[in-house]
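First comes the structure, then the notes that go with it.
Only the coordinates and a few stated rules stand behind these numbers; no lab work does. What you see is a predicted model, and the numbers here were worked out from it, not measured in a lab. A quick note on method: Cβ atoms are made from the backbone with ideal geometry, for glycine too, and the neighbour counts reach across all protein chains shown.
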Amino acid sequence: MTEEIPRTAIAVYLLLAAALAVQVLVPDAPRQAAGDASAFLSVLVLLAILFTAGLVFHKKNARAVTDLFLVIAVFLVLWEVLLGKLSLLDPLLFPGPAKVFQVFASDWQLMLYGAVGSLGIMVTGYFFALAIAIPLGLYIGWRRRLYDVAYPIAKAVSPIPPTVYLPYAIVLLPTFAASSVFLIFIGAFWPILVGTIYGVFAVDHRIINSARTLGLSDHQMVRRILLPGAMPSIFSGAMIALIMSFISITVAEMIAATSGLGWYIEYNHQFANYEKVIAGMILIALVVIAVMFLFDRIQQHCLRWQQSE
Amino acid sequence: MRPERSHKEVPILATITFSNLCMQYGNNGSRYTALSEVNLDIRDGDFISLIGPSGCGKSTIIDIVSGLKVPTAGTVLIDREPVSGPGPDRGTVFQDYSLFPWMTAFENICFAIEHTGGSHTKAEIGKRAEEYLNLVGLGKFRNAYPNTLSGGMRQRVSIARMFSMNPKVFLMDEPFGALDSLNRIYMQDLLLNLWSEGERHKTVLFVTHDVDEALLLSDRIAVMTPSPGRIKEVIDVPFSRPRCRKSLGATAEYLALKSHLLSVLYCEMMGEIEHQTQNFRGMA
């Protein structure tokens, strides 16, 4: 087992330990003082635990896991030494890690509330888009005449950033949540629709012929043949739609919300609370990573028939 | 088998009857005739091979019988009923892409049985699918997706699916065309073994371009010629069944039939090449 783990793994532990030692032993630069560094120290310990778990549970990818954590550890040490301890850049705009992670300890309730609220809005809009775009796309892809009309429209309208609908959404819809759901729906709708239409086209005509010889009804043709056949392309559309949804929700919240992840960043920006701005950015990144991970898992499950091993 | 032969004169035993089948593609400007005046009676339980060079319309015939294509003129009768569209009363195997890649071997067969129209319970369907997977020796690969199977195994699943549907006729469009020669031998024997028994002994319409394959499998061979595609000759294959590949290939009768078939095909091919060369010269 020791042979499988790359030697650089030790470097990761050493770097994390060094970051911990420096934080404890070297005093913060005057305007970088975090007061309480326990949050940063917890993050270092957490990373060490995650890294160990990664090595144990992903033995096949030990090298990749190690390299990833090496990059994170080097980044943390540089961030800590150059900004936190030496204060080489403007301490107001570029706070050290101790100060930033302290925000998670003090603001966690507000942040959790914001994350849950944002995700709730996003998931609602996204699922509306899936529920309408996929059946519509299957139908348009199957009916040539509809496609000839729908395709130029989709091509013209889909690149419009969904946020341009925000002024109308706010005026016409009763609450911020409703207008955000609408915005995310619009942003996610087009990529899923286009992905589904392309997916239907991508189904090999020989497979469709084979299905026709069984004498399938139209309904079964769509549900059992076109939908699974178009699934790979639907997933690539849904991936783009997911990214669009993240952009839409954060921008909408920055402009018009009173809670949520985007609001948290914008609000603290107005008070020049840059450690909170950065903490908000990190939180968004974590949420995105978690959602993408989930998405990947669902995709792998739904497209397991594509793997050839 | 005159073109004017009417519906009533069809022998009672005929399962499939082609009368005056024509297939044309394109509009008036550039018409291409894929089939012209194809007439053929296929007796119940007969194994008929369509053989001929590419472009002679053999696959088009399969597509018309399976209901995927509608002929420009003429009719196909199955059990005296005209073909009006695709349906599970005809079991079809193509060269590849017969199976749905998102269903496992087992699910593919179940899905086909579900659509045969009989009122089966889920358990009955599963049992039948299992039985046919075992018959083609793939019981262990029940839950394998087609992508993970070799080309030969995929065709075995396709054949298991075709038999499990218990259709009136079997349509096979170069089912072994993409396999290596050893696999092909294995598949031919498997097909003959399965076909020779009980409810599986149904009329087969089999497309191939392999003379040995046609001679080994068929009761009759229809030799087709291209541009326009038509049946030039129907040859009876008199060998008794069960046939043994080894002893069959050595008989004088087999060799005579083979050389006759080859000479017909070869003659056609030479004619075609000549024709194309002349066209080419004409253009130049």
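Which of A:G84, A:L14, A:V24 sits closest to the plus end of the dipole of segment A:8-94, meaning its Cα is farthest towards the positive end, when Lys and Arg get +1 and Asp and Glu get -1 on the C-beta?
My answer, from the dipole projection, is A:L14.
Assuming R0 = 56 Å, what is the FRET efficiency of A:I282 and B:S30, from their Cβ-Cβ distance, to the nearest 0.05?
0.30
Taking amide H positions as placed in the peptide plane 1.01 Å from N, state which residues far from A:A29 in sequence (5 or more) or on other chains have amide H under 5 Å from it.
Here the answer is A:K85, since their amide H atoms fall under 5 Å of that of A:A29.
Show me the trypsin sites (Lys or Arg not before Pro) within segment A:273-309 that DSSP assigns to loop and that have at most 14 other Cβ atoms within 10 Å of their Cβ.
For trypsin sites (Lys or Arg not before Pro) across segment A:273-309 that sit outside H, G, I, E and B with at most 14 neighbouring Cβ atoms in 10 Å, the list is empty.
Let me make sure I get this right: for chain B, a, b and c are the square roots of the gyration tensor eigenvalues over alpha carbons, sorted descending. Under 1.5 in a/c it's rounded, otherwise prolate if a/b > b/c, else oblate. Which is it?
Judged from the Cα gyration tensor, chain B comes out prolate (a/c at least 1.5, a/b above b/c).
Please get the size of the charge dipole for the protein assembly as shown, origin at its Cα centre, with Cβ charges of +1 on Lys and Arg and -1 on Asp and Glu, quoted in debye to the nearest 20.
420
Rank B:I64, B:I51, B:I109 by mean-square fluctuation in a GNM of chain B with C-alpha springs under 10 angstrom and give only the top-ranked residue.
B:I64
Please build a GNM for chain A, connecting alpha carbons under 10 Å apart, and tell me which residue among A:L119, A:L216, A:L138 fluctuates the most.
A:L216
With +1 assigned to the C-beta of every Lys and Arg and -1 to the C-beta of every Asp and Glu, and no other charges, what is the dipole magnitude of chain A about the Cα centre in debye, to the nearest 20?
The dipole magnitude comes to about 1080 debye.
Using Cα springs under 10 Å in a Gaussian network model of chain A, which residue among A:F127, A:F94, A:F57 shows the largest mean-square fluctuation?
Of the options given, A:F57 has the highest mean-square fluctuation.
Shape of chain A from its Cα gyration tensor (a ≥ b ≥ c, root eigenvalues): rounded if a/c is under 1.5, otherwise prolate when a/b > b/c, or oblate?
Oblate, since a/c reaches 1.5 and b/c is not below a/b.
Just want the answer: with Cβ charges of +1 for Lys and Arg and -1 for Asp and Glu, which residue in A:A238, A:A202, A:L216 is farthest toward the dipole's positive end in segment A:106-306?
The listed residue farthest towards the positive side: A:L216.
Across segment B:127-140, in residue order, what do the Karplus-derived ³J(HN,Hα) couplings come to in whole Hz, using 6.51 cos²θ - 1.76 cosθ + 1.60 with θ = phi - 60° and x for Gly and Pro?
5, 5, 4, 4, 4, 6, 4, 5, 4, 9, x, 10, x, 6
Restricting to lysine pairs 8 or more places apart or on different chains, what number in chain B have Cα atoms under 27 Å apart?
Qualifying lysine pairs in chain B: 26.
Once the Cα atoms of helix A:38-57 and of chain A are each reduced to a long axis, what angle between those two axes, in degrees from 0 to 90 to the nearest 10, is obtained?
50
Excluding the sites themselves, what is the longest stretch of chain B that contains no trypsin sites (Lys or Arg not before Pro) in a DSSP loop with at most 13 other C-beta atoms within 10 Å?
B:81-284
What ³J(HN,Hα) values, in whole Hz, does the Karplus curve 6.51 cos²θ - 1.76 cosθ + 1.60 give for segment B:220-235 when θ = phi - 60°, with x put for Gly and Pro?
9, 10, 9, 8, 10, 10, x, 5, x, x, 8, 8, 8, 7, 10, 10
When the Debye formula is applied to the Cα atoms of segment A:8-94, each taken as the same point scatterer, what base-10 log of I(q)/I(0) results at q = 0.11, 0.13, 0.16, 0.26 Å⁻¹?
-0.33, -0.45, -0.64, -1.25
When the dipole is taken about the Cα centre of segment A:152-304, and only Lys, Arg (+1) and Asp, Glu (-1) are charged at their Cβ, what size is it in debye, to the nearest 20?
580
So how tilted is helix B:151-164 from the main axis of chain B? Cα-based, degrees 0 to 90, rounded to 10.
80
Set Lys and Arg Cβ to +1 and Asp and Glu Cβ to -1, take the dipole of the protein assembly as shown about its Cα centre, and tell me which of B:Q278, A:A64, A:F104 lies farthest positive.
The one lying farthest along the dipole's positive direction is B:Q278.
Chymotrypsin sites (Phe, Trp or Tyr not before Pro) within segment A:241-282: which are DSSP loop residues with at most 10 other Cβ atoms inside 10 Å?
Sparse-neighbourhood loop chymotrypsin sites (Phe, Trp or Tyr not before Pro): A:F271.
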